[in-house]
Structures are given as structure tokens and as C-alpha cells.
């Protein structure tokens with residue numbers, strides 16, 4: 001089901017912007033695979049990558065590795081810097097044994113889920129069992145936690161998605177309360193929306209969040225309803241995209257959602273092991289199934305292990321290596337890159353969008369919202 | 001009104017064909033009648049599979065499915081929650097019989113596939129199960145079947161198929177072993193990518209005709225150009241196979257004490273019911289020898305842990321943290337799921353109990369069932385202590401035993417518990433304070449029962 005999107009954005013309404021949606025007109029040319037970042041943890045790399053935050057010149061990847069109550073210590077951020085010929089990574093927070101980490105209040109954060117970064121470079125990470133939001137500087141300095149467990153408005157129960165909007169509000173998914181809550185950066189409660197159900201505007205165990213950079217609306221991965229929904233900051237439902245299934249544009253437990261500056265919507269269709277892309281009206285455009293090639297780090301690892309090299313030589317079909325396994329999150333940056341967190345394969349697959357924005361002096365845009373006559 | 005005897009019988013059935021049931025569950029099941037419960041147990045397709053999306057979401061760090069602990073965690077979760085308990089119990093039975101271990105296979109996705117195969121087909125035709133087992137990549141690698149070539153036979157799988165998986169030693173010759181192995185030449189698995197840089201991939205079965213020995217083979221008195229499936233067809237018809245399976249089923253589902261008459265009845269049922277395992281188990285559960293066998297087996301660690309946790313009401317929701325503690329607990333009791341010590345599997349019965357394992361078992365049960373806030377325990381205590389009028393500690397003990405799934409205590413254990421409790425006279429439940437006192441005592445009793453010698457048995 002698709003609800004017509006009608007958002008008055010406040011953007012200038014000119015010939016190259018759509019007057020209804022506020023997004024620029026453009027010619028889409030698909031996506032080009034750029035690089036796979038990371039590898040299975042071995043002297044660096046990822047273990048349980050769940051989400052990433054995009055900093056000024058680097059990425060911060062949340063890694064989750066909590067197996068049982070006495071072994072919860074390896075949640076960590078990995079800082080990744082993309083360079084001309086590959087990438088570099090290093091741990092910025094790798095706590096020792098004894099807990100997710102020990103803060104002043106002896107907080108234990110066993111189950112990190114998702115993260116975002118604000119305009120001051122502060123990282124926010126959710127913990128779905130502690131029901132807290134922890135804050136760090138990008139240096140790794142721990143700044144404390146906020147959030148209270150509970151079932152009431154403003155309380156967290158299964159804290160998962162987190163996104164910082166343009167006004168500095170921090171939106172957090174309270175999954176098991178079927179709500180999305182809004183806080184200040186320091187955790188003061190500002191409001192929220194959501195009620196359990198499957199009708200438009202209702203939520204069932206939501207997960208990831210994305211903020212539309214153009215109009216500030218909030219996209220919610222409505223995980224157990226197999227769809228994404230767009231809400232105004234006041235909680236009014238504006239758009240519903242997707243239905244259960246594995247066909248084109250259908251979803252199976254979507255976990256992450258992002259919107260780029262052209263209004264295109266990206267969905268981590270986690271249990272279908274793929275990514276999906278929709279236009280601003282919710283029309284399905286493209287699937288991503290993974291195209292990862294061996295990065296330099298991976299090659300180095302293989303070159304130091306003859307057994308693995310020999311195993312690899314005997315494999316008939318290397319295509320499987322390229323594919324996503326349980327992609328959990330998707331993020332986009334200002335430079336038209338799309339980052340899929342390929343959780344089951346210990347990597348982030350990076351694509352760049354090929355598109356042409358129609359400038360003021362170029363041809364008149366095609367009408368985005370009228371079907372061409374069928375010939 | 002269902003009699004206590006009927007409820008006790010269903011409780012025995014649910015401990016053996018599943019992982020136990022609480023008082024309220026047993027009352028509901030018993031109201032349908034014992035035979036109807038058996039019918040449902042051997043017909044798992046009547047019930048939906050357990051939904052696991054919440055479990056997988058809240059253990060998202062295992063998105064790679066790499067860790068054998070994750071497979072074991074999921075399995076424990078299913079033992080506790082599956083609406084198809086006999087499927088999980090049968091998988092446990094076959095896992096012990098076709099013991100394949102992570103220690104050598106070292107591939108989580110492959111171990112998961114084998115477990116899933118045992119669960120999906122464990123109640124079906126035995127011949128089909130052996131055919132699937134012979135195509136299972138984890139088993140192929142475990143017993144070096146990938147090195148069994150037409151021009152260089154490796155007898156490992158052929159030998160274990162006969163000795164440990166179907167007929168038992170003494171029922172075949174060395175020539176049969178050789179020719180069995182020849183029939184499986186060319187049955188191998190695909191190469192997979194190494195685990196670096198992107199993790200584990202599962203292998204698939206592949207048959208290489210050019211590597212198969214197409215010559216004539218003489219096997220168990222029959223002659224032909226046999227392949228692996230032909231050999232299995234011959235194996236499943238053997239009286240020795242019926243007897244072998246009869247022993248295995250009796251030992252796992254009925255009693256630690258050998259009973260040759262019962263074993264022969266099971267063997268006859270196997271032959272008479274077309275080698276259909278589910279139907280053989282129906283026969284067993286409806287037999288007198290099964291009905292008379294309550295508490296004649298020592299619980300395996302997996303049964304012990306899953307049954308105890310099930311009673312505590314914990315881990316009914318995939319969100320709950322700490323599920324990985326459960327495979328660790330069975331390990332501390334001598335049973336690491338998906339990693340049996342050898343191809344012979346675990347030594348069962350009294351061998352589950354040594355001084356170290358016993359301490360782990362008693363501590364685990366006392367801790368889990370001593371947690372009065374655990375939903376199952378709280379409910380159990382509430383039910384056990386409700387009612388009007390005065391109640392003796394002995395009556396309360398009997399009620400707790402009933403609510404814990406119709407358990408049983410011998411006289412010495414009863415005396416020790418009552419003495420330890422030290423309550424003179426009766427507990428009055430007329431007042432709120434009296435009801436609270438009864439609850440407190442019931443809570444103590446549950447913990448004491450869980451620590452008893454009798455709790456080790458099923």
C-alpha cells in the first residue's frame with residue numbers, strides 16, 4: 001500500500017524542484033559499487049557490525065558481540081577512514097572484560113544496536129537491553145548515558161533505532177513499546193508517537209530510523225509489519241511503503257531506512273538479504289544484493305594463509321562472496337554514497353549513486369508525477 | 001474431571017517426548033486424553049513452527065550464523081518453546097546417535113544444516129533419514145567421506161554407517177564394510193570459500209559420477225552395481241537394524257535399564273510399520289512398558305536444562321538476555337550440544353552423573369527454580385499456595401510436586417525436606433499474612449525439590 005506523499009517542504013518552488021515534494025528533479029542512472037570496508041575480526045575488522053554513523057571524514061561502525069551475561073565486553077566502535085586506495089580502521093572503544101563498559105554509575109551496556117552522530121561530532125548509541133542511549137566523543141571519550149526503562153511515554157523498552165535531526169533532537173525507537181520517542185541531546189523528553197497495530201500510522205516492533213535531510217520527516221523501519229512509514233515530527237503518518245514478501249519492493253523484516261538529498265528512500269530488507277530503493281513517492285526502483293569484491297585488507301589476509309588461498313582456488317563460483325547476509329542498516333552521505341551494513345559478512349558495502357540533477361539552465365524536467373501515455 | 005493418575009501419565013509422556021510441562025499445561029493436555037496427546041506429538045505438522053524473528057533480531061550479532069553456540073542457543077530456545085516438542089526431542093536423539101562434532105567440522109552453517117535436517121526428518125522414514133545423512137556435508141566432512149574415491153576407498157563412513165548408525169558390530173563382515181564404502185565413492189561436498197575475510201559458507205552435497213566405483217558389489221548377501229542409496233535400502237531391511245534401532249529408542253525414550261522384551265517389541269514395530277520413526281514412537285508411547293517407565297532414566301543435560309528453564313518460565317521471549325548461558329550450562333554438565341566427544345556420541349544414563357556434573361546440575365536447578373520472581377516459579381508458587389483453610393507442610397509439598405509436573409519424591413527425600421523446613425503444625429491461609437507465609441514455604445519447597453536426588457530423573 002502506498003499513501004500519496006504530500007509534504008510542503010519550505011524549499012524554493014522553482015522549475016527544477018518538484019513543487020509538492022520539494023526534492024530536486026534529477027536523472028537517475030543507478031548505482032556503482034565502490035568498495036567493501038572491513039573483514040571478519042582478526043587484528044582489526046568487524047564482529048557483529050550493526051550500524052554506522054557518518055562523520056566529517058570517517059565512519060563510525062557499531063560492532064556488537066555480546067553472547068552471554070558473563071561475556072558482554074566486546075561491543076565497540078570502529079573508526080573507518082576511506083582513502084584513495086582502500087581504507088584504514090581502528091578501534092576507538094574496545095572495553096575490557098567485566099561489562100559492556102563501566103561508567104561512573106557502573107552502567108552495563110550489553111547489547112549495542114544502532115548509532116548516529118550530531119553536528120557537534122557526538123556519537124549516540126542505543127542499547128536494547130539496558131534501554132539507554134550512550135554518548136561518546138569521536139575520540140572514544142565516554143560522555144554518559146540517558147534513558148529510563150519502562151512502558152510509558154518517554155520510557156524505553158528495547159531501545160534500537162536512533163537518529164539526530166536537523167534541529168538537534170534525538171529520535172529513539174522504543175521497539176517493544178511500538179513507539180518512537182524524541183529527546184534533547186541530553187535526554188530530556190520532548191514527545192513521541194506510535195501505537196501498536198498494523199493500520200497506517202501504527203507500528204509493530206519498529207527498528208531503524210532515518211531523517212529526511214530535505215524536509216525533516218522521520219522514516220521508521222516498521223520491522224514486524226514488513227514496511228517503512230514516514231511520519232511528520234508531530235507523529236502524523238505521511239507515507240507507507242512496502243508489504244510482506246520477497247518480490248520486487250516487498251519486505252521481510254526491514255531493519256534500517258535512509259533518505260538521500262534527492263528524496264530517494266533506501267531500506268535494509270534484512271531477512272530478504274538485500275537492500276531496496278524507492279523513489280520519493282514510494283515507487284520501487286532498485287534492489288541491491290551485494291557486489292563486494294576483495295578489498296586490499298582481505299587480500300593481505302589471504303596472502304598470509306596458504307591453506308585459505310588453496311581453498312579459495314578450488315571454489316567454482318565466487319559470486320556468493322559478493323552477496324549480502326542480513327544487512328541491518330543503510331546510511332547515505334552528502335556525496336551520493338550509500339553504505340549498506342552487511343552484518344552477516346563483517347563488512348560495509350559502499351555504492352555511489354549515478355545521477356544528474358537538472359540545473360536551472362538545463363532542459364525542463366520530465367513530469368515526475370504523471371504516467372506517460374502507453375503506446 | 002481428569003484423574004491425577006491420568007495427569008501423571010501425560011506428565012511422563014511430556015518429559016520423554018518433549019521437555020516437560022507445568023501443572024496448568026498438563027491439566028489442559030490431559031483433558032484431551034492421553035492417546036490424543038500422543039497423536040499430536042507424532043504429528044508435528046499440525047502445529048506451526050516457532051516464530052524466531054524476535055530471537056534473531058535480539059541476537060543480531062549472530063547474523064553470520066557462524067558460532068556453534070548460536071546454533072545451540074537457538075536449539076535450546078526451541079526445546080523450551082516449540083509447539084512441536086517431539087521434533088526437537090527426536091533431533092536430540094538422532095544427534096546423539098549420528099554424533100557429529102564442531103571440533104572437527106568447524107563450520108557453524110554446516111552444523112546448523114545438519115541439526116535442521118535431523119529435526120525436519122527425524123520423525124520420518126529411517127531409510128530417508130540415512131539417505132539425507134549420507135548427503136549431509138557436516139557428516140561427510142566429519143567422517144572423511146570427501147576422501148572416499150573410486151580408485152582409493154576410504155572406509156570410514158561405510159564402517160560407521162554399519163557399526164554406529166544402523167546395525168551394530170557383529171552383524172556384517174569386513175567385506176560388507178568395504179563394499180558399503182565403495183557404494184559411497186563419489187559422494188562428496190562442494191568446496192567453499194575460506195572463512196576469511198567474510199566468514200563461513202556452508203557446503204552442498206555433490207555426487208561425482210566419474211569418481212564413483214561402478215563395479216559390482218556384494219553386500220549383506222546381495223549383489224549388484226550398488227550406490228549409496230541401494231546400500232541403505234538393504235540396511236534398513238535387516239533384522240539387525242530393527243534390533244539396533246529398538247535398543248537406541250528404548251535407551252533414549254524409555255529406560256536406562258535394558259529390557260530385551262521391550263526392545264524386541266520396538267524392533268518388530270519398526271519392521272511392521274514400514275521403518276517410519278514417528279509411527280514407531282507412537283507405538284512406544286502407547287505401550288505398557290513405556291507407561292510403566294516413569295523416572296527410570298537420568299535426564300541428559302539438555303533435557304535437564306531445557307526442562308528446568310521451561311518450568312521457570314524464562315526465555316519464552318526471544319528478547320530475554322542471557323540465552324547463551326544455557327548451552328554453557330549443559331557443557332558444565334558434560335553435554336556440549338553440536339560437539340559430542342566422539343562419533344560414538346555421549347555415554348548416557350548413570351554416566352551423566354559424576355561429582356562435578358552433579359554439583360553443576362543441582363546448582364543450576366536450585367538457582368533457576370529458586371528464583372521466585374521468575375514467571376513460571378511465581379505462577380507455580382501462587383497455584384501451590386492458593387486455597388482456603390489450614391494446610392500442612394506435607395500437603396504443600398505434594399501440591400508443589402504436582403504443579404512442577406507431577407514429580408515424585410521417595411520417602412527419605414520427603415523426610416529430609418520436611419525436617420529441613422521445620423514447620424510444626426499447619427499453615428493458616430485465612431489471613432493475608434498466612435497466605436504470604438504459605439507462598440514463602442511453597443517457594444522454599446520448589447527449590448528443595450529441584451535439589452533432590454529424584455529431580456535428576458525423568
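Details
- Cα Rg over Rh - region B:375-456, Kirkwood: 0.94
- Cα-based equivalent ellipsoid, region B:301-369: semi-axes from gyration tensor eigenvalues, Å: 22, 15, 9
- By average C-beta atoms within 10 angstrom, highest first, the peptides B:268-280, A:303-315: B:268-280, A:303-315
- The gain in end-to-end length when the residue B:147 to residue B:354 segment is fully stretched comes to 70.6 nm, 0.36 nm per residue minus the alpha carbon separation.
- Per residue Cα convex hull volume in Å³ - calculated over the protein assembly as shown: 206 Å³
- Percent of Cα pairs exceeding the 40 Å cut-off, where the set is chain A: 13 percent
- Translational diffusion coefficient (Stokes-Einstein; Kirkwood radius from C-alpha pairs) of region B:308-451 at 25 °C, 0.890 mPa s, in µm²/s: 146 µm²/s
- Helix-only mean residue ellipticity at 222 nm for chain A, each DSSP H run of n ≥ 4 adding -39500 (n - 2.57), per residue, nearest 500: -1000 deg cm²/dmol
- Between 0 and 90°, nearest 10: helix B:375-385 axis offset from chain B longest Cα axis: 40 degrees
- Among A:48, A:210, A:245: highest mean-square fluctuation, GNM of chain A, C-alpha pairs under 10 Å: A:245
- Taking only the Cα atoms of region B:20-153, the ratio Rg/Rh comes out at 1.04, with Rh defined as the Kirkwood radius.
- For the segment A:310-319, counting C-beta atoms of other chains within 10 Å of every residue's C-beta and taking the mean gives 3.
- Ranked by how many other beta carbons lie within 10 Å on average, peptides A:126-138, A:146-158 from highest: A:126-138, A:146-158
- Burial ranking of peptide ranges B:168-177, B:19-28, A:220-229, B:35-44 (average Cβ count within 10 Å, highest at the top): A:220-229, B:19-28, B:35-44, B:168-177
- Separation of the residue A:190 and residue B:225 label points, Cα + 7 Å toward Cβ, nm: 7.8 nm
- Relative contact order of chain B, defined on C-alpha pairs under 8 angstrom at six or more residues apart (%): 18 percent
- Computed over region B:1-97, Kirkwood Rh from alpha-carbon pairs, angstrom: 14.8 Å
- Max-minus-min Cα coordinates of chain B on each principal axis give 85, 55, 41 Å, with the largest extent listed first.
- Helix B:411-421 vs. chain B, principal-axis angle (Cα, 0 to 90°, nearest 10): 50 degrees
- Region B:371-387-region B:421-438 distance, computed between alpha-carbon centres (Å): 15 Å
- Working from the Cα coordinates of region B:228-357, the gyration tensor eigenvalues give, after taking √(5λ), semi-axes of 31, 18, 16 Å in decreasing order.
- The helix-only estimate of mean residue ellipticity at 222 nm for chain B, built from DSSP H runs of length n ≥ 4 each weighted as -39500 (n - 2.57), is -16000 deg cm²/dmol after division by the residue total.
- Principal-axis tilt of helix B:174-183 within chain B, Cα atoms, nearest 10 degrees: 80 degrees
- Fewest-first sequence of B:291, A:76 by Cβ atoms within 10 Å of each Cβ: B:291, A:76
- Residue exposure sequence - A:339, B:402 - by fewest surrounding Cβ within 10 Å: B:402, A:339
- Relative contact order for chain A: 17 percent, from Cα pairs under 8 Å spaced at least 6 residues apart, divided by residue count.
- Treating r as the C-beta distance of residue A:363 and residue A:334 and R0 as 22 Å, the FRET efficiency rounds to 0.30.
- Counting every alpha-carbon pair across region B:52-256, the share separated by more than 23 Å comes to 48%.
- Bridge type composition, the protein assembly as shown - antiparallel percent by DSSP, nearest 5: 95 percent
- Three semi-axes describe the equivalent ellipsoid of region A:220-294; taken as square roots of 5 times the Cα gyration tensor eigenvalues and ordered largest first, they are 21, 14, 11 Å.
- Here region B:383-414 is scanned for amide nitrogen atoms under 14 Å from the site 7 Å beyond the Cα of residue B:428 along Cα-to-Cβ, giving B:389-391.
- Cβ neighbours within 10 Å from other chains - mean over B:60-72: 6
- Alpha-carbon spread of region B:105-219, three principal axes, descending order, Å: 46, 35, 20
- Per-residue mean of foreign Cβ neighbours for B:195-208 is 5 (Cβ atoms of other chains, 10 Å radius).
- Cα centroid of region B:225-283 to Cα centroid of region A:214-287, whole Å: 54 Å
- Inter-part distance where region B:44-115 and region A:173-211 are each reduced to a Cα centre, Å: 33 Å
Coordinate-derived values only; no laboratory data. Given the structure is predicted, the values throughout are model-derived calculations rather than measurements. FYI the Cβ positions are ideal-geometry reconstructions off the backbone, even for glycines, and counts take in every protein chain you see.
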